[in-house]
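In what follows, a structure is listed as structure tokens, so that the remarks can point back to it.
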Amino acid sequence: MDYSLFIPLRWLHAACGAAWFGEVVVINFVLIPVLGRLDLETRRKFIGNVFPRIFKLASILSATAVTLGAITVWNLTGGDLSRITASRWGYGILLGGTLGTVLTLFHFFLERRLARKIGIGCDGSSEQADEALMDVHAKLKVVPRLGLVVITTIVLSMMFAVRSL
């Protein structure tokens with residue numbers, strides 16, 4: 001690969017990873033606490049307007065970070081992926097890359113189910129709509145926290161890998 005192209009790809013990979021991490025931090029420490037303080041109608045509007053955009057952004061950032069990370073690894077190993085298990089660098093990359101890929105797949109497949117569920121509440125009784133909203137809010141308390149643990153592990157393993165080069 002031409003190194004004049006490789007350097008911007010690595011920077012974009014790092015920027016997307018940092019933005020993805022930052023988004024998860026904002027969700028956990030800003031949006032979810034605010035959401036808990038809103039009345040049901042305002043919460044419904046907030047979730048319906050904000051979270052589909054957040055889900056989409058997370059999907060784009062994660063897919064970009066993982067794809068560019070794979071390109072970077074391919075370039076750094078010269079296509080010899082057996083080098084990954086031959087060093088501390090490789091183990092850090094393997095852990096972070098695997099977790100990043102799993103989290104990205106979550107964004108594209110399981111998170112969409114939750115995003116669709118956000119639209120629930122328009123049909124049926126008000127009590128059913130409120131119950132569905134509370135269920136979504138409960139999931140929004142747990143899922144981002146787990147995501148934060150995973151993405152923090154990814155960031156730390158990548159930091160370890162970079163220091164091991």
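The values are calculated or read from the model by the stated rules, or taken from the named source; none is laboratory data. Everything numeric in this text was worked out from a predicted model, so none of it was measured. Every residue, glycine among them, receives a Cβ derived from its backbone with ideal geometry; neighbour counts consider all protein chains shown. Note: accessible area is taken over every heavy atom of the protein model, side chains too, but ligands, DNA and RNA are not part of it. Shrake-Rupley method; radii C 1.70, N 1.55, O 1.52, S 1.80 Å.
Hey, got the Cα dimensions of the chain along the principal axes, in Å, largest first?
60, 25, 23 Å, listed from the longest principal axis down.
Just give me a number: lysine pairs in the chain, eight or more positions apart or cross-chain, with C-alpha atoms less than 17 Å apart.
Pairs that pass both the separation and distance tests number 5.
Can you give me the % of accessible surface on the chain that is carbon or sulfur? Probe 1.4 Å, all protein chains present, nothing else counted.
In the chain, the share of accessible area belonging to carbon and sulfur is 68 percent.
Please report the relative contact order for the chain, taking Cα pairs under 8 Å with a sequence separation of at least 6, and give it as a percent rounded to a whole number.
In percent, rounded to a whole number, it is 33.
Per the helix-only calculation at 222 nm, which mean residue ellipticity applies to the chain, given -39500 (n - 2.57) for every DSSP H run of n ≥ 4 and division by its residues, nearest 500 deg cm²/dmol?
Dividing the helical sum by the residues of the chain leaves -28000 deg cm²/dmol.
Checking understanding here: applying a Kyte-Doolittle mean of at least 1.0 and a length along the axis of at least 30 Å (C-alpha), which whole DSSP H helices in the chain pass?
What comes out of the filter, once short or polar helices are dropped, is 3-26.
Per-residue counts of other Cβ atoms within 10 Å, averaged by peptide: what ranking do you get for 69-76, 94-101, highest first?
94-101, 69-76
Any idea what the dipole of the chain comes to, in debye rounded to 20, about its Cα centre with Lys/Arg Cβ at +1 and Asp/Glu Cβ at -1?
It comes to approximately 260 debye.
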